[in-house]
Amino acid sequence: MAIQWFPGHMHLTRKAIGERIKEIDVVIELLDARLPGSSANPMLAEITKGKPALKVLNKQDLADPTRTAAWLEHFNAQSGVRALPLDASMSTPSRALVAACHALAPNRGGMTKPMRVLICGIPNVGKSTLINTLKGKRAAKTGDEAGVTKLEQRITIADDFYLYDTPGILWPRIIVAKSGYNLAASGAVGRNAFEDEEVALELLDYLRQHYAPALEARYKIKDAASFTDEQLLEGVGRKRGALLGGGKVNLNHAAEIVIHDFRSGALGRVTLETPAEFAQWLDVGEKLDAERQIKKDAIELARNIRLKKVPRPPKAGSRGAVEEGDDEPSD
Ligand code: G4P
């Protein structure tokens, strides 16, 4: 089962960002450096269209440095976009952020034209932590449950540099199945949206193909790439004592161990997607999403015709004639 996560109240956030965006010069989007494609919200690009964008690959301390470099190159090649890596250990992140924003909006600055920047990011990407560092005190609440940041706030970074926190919560919109698993593994979606076991199996499958030495080192398994994801999950459970009665493995507990080890960095520095992989997943996801939308529109049109909210469309070649029995969409 693919992970679906797009709470209904997102339209309020969309509206609030839409209203604020007019007075914004640069949009900073915090991305999780371990999943830079999946942790982006496609809706944000749509609402902030035309505004220069700074993509911050946050939690870079947990990500594969080679892949972070590839993602930075990917974003920096886009017009009106700059990208930089960041993590919570950097004590003066504002210097790099301020410089990048000035490069993106060189006409802003000074008391009469202060730089106005909007900072956005999906839950758990590290936004509260960064804002706290920028403020120099622990004022915003941080936590490990998705969606702790709720209140809109303005942070003065310099006399002529204002940072606005996103009004509302920017949930990810998951149209790519693989993104759903990667977001769940990272802790960006609520626990009620996924099964640990399913997420751990997807994670193990990716790790065995791309980071087999990390699995071998952590779980003392030889030749990790030669096992299936199920065998690996069982192996982790046995090695780590996640057992039920009768010597059976407690797969759910084993899954929690794998997810925890990924989140905490105990598996080493891992990135779950490359720009090329993500582009391929997105292509498939967008096609499926478009097909879903066409079906939804057809169902809605049929319902509206039935309820006589809209006139029945003429059949092709019938010069406006209306026939009975054709008001349900065909698949
Ligand atoms: P949010 O506002 O975007 O929802 O995220 P928040 O700052 O609450 O951070 C979510 C979790 O990510 C926190 O861990 C935080 O410490 C951690 N984090 C933030 N930035 C970084 C980073 O650059 N590197 C690493 N490795 N972790 C980071 P937590 O365990 O949920 O909370 P806590 O125990 O730190 O309070």
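Here is a check on your reading of the model: is Ala214 over 27 Å from Ala290 (Cβ atoms) and crowded, with 20+ Cβ neighbours inside 10 Å?
Considered against the rule, which asks whether it is over 27 Å from Ala290 (Cβ atoms) and crowded, with 20+ Cβ neighbours inside 10 Å, Ala214 comes out as yes.
Looking only at the stretch 111-128, count every residue that is more than 6 Å from the ligand (Cβ to nearest atom) and open to solvent by 30 Å² or more (accessible area, probe 1.4 Å) and tell me the total.
Within the stretch 111-128, residues that are more than 6 Å from the ligand (Cβ to nearest atom) and open to solvent by 30 Å² or more (accessible area, probe 1.4 Å) number 4.
Residues to consider are Leu84, Leu97; find the one that is within 16 Å of the ligand (Cβ to nearest atom) and in a strand (DSSP E or B).
Leu84
Which numbered condition in (1) exposed (fewer than 14 other Cβ atoms within 10 Å of the Cβ); (2) of a type outside the set (S, T, N, Q); (3) within 16 Å of the ligand (Cβ to nearest atom); (4) more than 22 Å from the chain's Cα centre (by Cα) is the only one that Met90 fails?
(1)
Need a quick list: helices (runs of 4 or more DSSP H) entirely within the stretch 225-317 having at least 3 residues that are in contact (Cβ under 8 Å) with a residue 40 or more places away in the chain and within 16 Å of the ligand (Cβ to nearest atom).
Here the list reads 251-264.
Do you know which of the residues in the stretch 155-174 that are open to solvent by 10 Å² or more (accessible area, probe 1.4 Å) and hydroxyl-bearing (Ser, Thr, Tyr) is nearest to Thr133 (Cα to Cα)?
Thr156
The values are calculated or read from the model by the stated rules, or taken from the named source; none is laboratory data. The structure displayed is predicted, hence computed values, not measured ones. Glycine also receives a Cβ, built like all others from the backbone with ideal geometry; neighbour counts cover every protein chain displayed. Please note that ligands, DNA and RNA were not included when accessible areas were found on the heavy atoms of the full protein model with its side chains. Shrake-Rupley method; radii C 1.70, N 1.55, O 1.52, S 1.80 Å.
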